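The values are calculated or read from the model by the stated rules, or taken from the named source; none is laboratory data. The structure displayed is predicted, hence computed values, not measured ones. Heads up, the Cβs are rebuilt from the backbone with ideal geometry, glycines too, and the neighbour counts pull from every protein chain shown. Calculation scope for accessible area: heavy atoms of the full protein, side chains included, ligands and nucleic acids excluded. Shrake-Rupley method; radii C 1.70, N 1.55, O 1.52, S 1.80 Å.
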Amino acid sequence: MRPPSPSIPEKDFLFAALKQGLRLDGREFLETRPVTLTFGPELGWVECSLGKTRVLAQVDAKMVKPPPERPFEGFITIHSELSPMASSEFELGRPSEEEVTITRMLDKVIRRSDVVDKESLCILSGQRVWHLRLNVHCLSDSGNLLDCVCLAGIVALKHFRRPDVEVVGEEVTVHPPTFRAPIPLSLHHNPYCFTFAFFSDTSLNPVLDPNLLEQRLNGGLMSIALNAQRELCVVQKSGGVPLEPGDILKIVNVAALKAKDLDAFVESRLQEDWEGRKIEIR
């Protein structure tokens, strides 16, 4: 379903506010909405909120036989669901352009950038490996769904713990959490995605984390995925607004600072959740 076009008064009001250095929700141009992380009773269950945009991510694991060409590596599959519950713009069975963009970007950020150490998922070479499945469900879309989806996926992987496994010869024993403490995943890095919106009027400065109206009236979007160590993972641009190299470097530096702050916030929330859990080992 094609999204409804904003009315002329909405368009004029937004651009008039931006020309005066104001955003409709009171934020600065390079300020993100508040991030909220809610952890479920199971490890790997995370609900991420970016303002009123909400995403639920869940990770589970099962043992499978690896393909013969990669006998030492486990693998990860990503399934994203954008249903009409999140927005009336989404239809089941008919992926929109935004849905395709989100799915591809999520695959680049998590799977292609090698977030998970695949060799650490090997249990018995050529016989048993862990298969991780990341399920992402979009609950509400109030703009910039892409950043919220990528953040939820990364936090879910960091929050997940797989069962401990004992291998004797070719016999594999999976220990329940009540017998042995579950083991966190081995992650190479933690990339975070930041989206900037540009407008056809080049006199307007770009805005970080656009809301729904800003996203619909933008002339171009640039999404940058990088980690707290300033390692650039993915740069994706959509829209016809041309950008100067200097402008791109400026927003990359802004994203690097935001990634460092966001990584510290995620680590603190994970630590709070882990300290509040009681794991009894018999």
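Observations
- Residue check, Thr173 among the hydroxyl-bearing types (Ser, Thr, Tyr), open to solvent by 20 Å² or more (accessible area, probe 1.4 Å), over 30 Å from Thr32 (Cα atoms) and out of contact with any strand residue (DSSP E or B) (no Cβ under 9 Å at 6 or more places or on another chain): no
- Within segment 221-247, the only residue that satisfies the criterion of being closer than 30 Å to Asp12 by Cβ, touching a Lys or Arg at 6+ places or on another chain (Cβ under 9 Å) and either modelled with pLDDT under 90 or β-branched (Val, Ile, Thr) (or both) is Leu243.
- Taken over segment 182-233, residues that are open to solvent by 30 Å² or more (accessible area, probe 1.4 Å) and assigned to a strand (DSSP E or B) amount to 6.
- Among all residues of segment 10-30, there is at least one that is open to solvent by less than 90 Å² (accessible area, probe 1.4 Å), over 29 Å from Arg128 (Cβ atoms), in a helix (DSSP H, G or I) and of a type in the set (Gly, Ala, Ser).
- Residues in segment 234-256 that are more than 12 Å from Phe196 (Cβ to Cβ), not aliphatic (A, V, I, L, M) and not in a helix (DSSP H, G or I): Gly240, Pro242, Glu244.
- Conditions (1) part of a loop (DSSP other than H, G, I, E, B); (2) surrounded by fewer than 19 Cβ atoms within 10 Å (Cβ to Cβ); number of the one not met by Arg33: (2)
- Residue that is nearest to the chain's Cα centre (by Cα) [pool: residues in segment 117-129 that are in contact (Cβ under 8 Å) with a residue 60 or more places away in the chain and open to solvent by 10 Å² or more (accessible area, probe 1.4 Å)]: Asp117
- Remark: Pro66 matches the filter, which requires a residue to be in a loop (DSSP other than H, G, I, E, B), buried (at least 18 other Cβ atoms within 10 Å of the Cβ), over 26 Å from the mean Cα position of the chain (by Cα) and not acidic (Asp, Glu).
- Within segment 120-145, considering residues that are among the polar types (S, T, N, Q) and in a strand (DSSP E or B), the one modelled with the highest pLDDT: Asn135
- Residue within segment 157-180 that is modelled with pLDDT of 90 or more and in contact with a Cys (Cβ under 8 Å, 6 or more places away or on another chain) present: no
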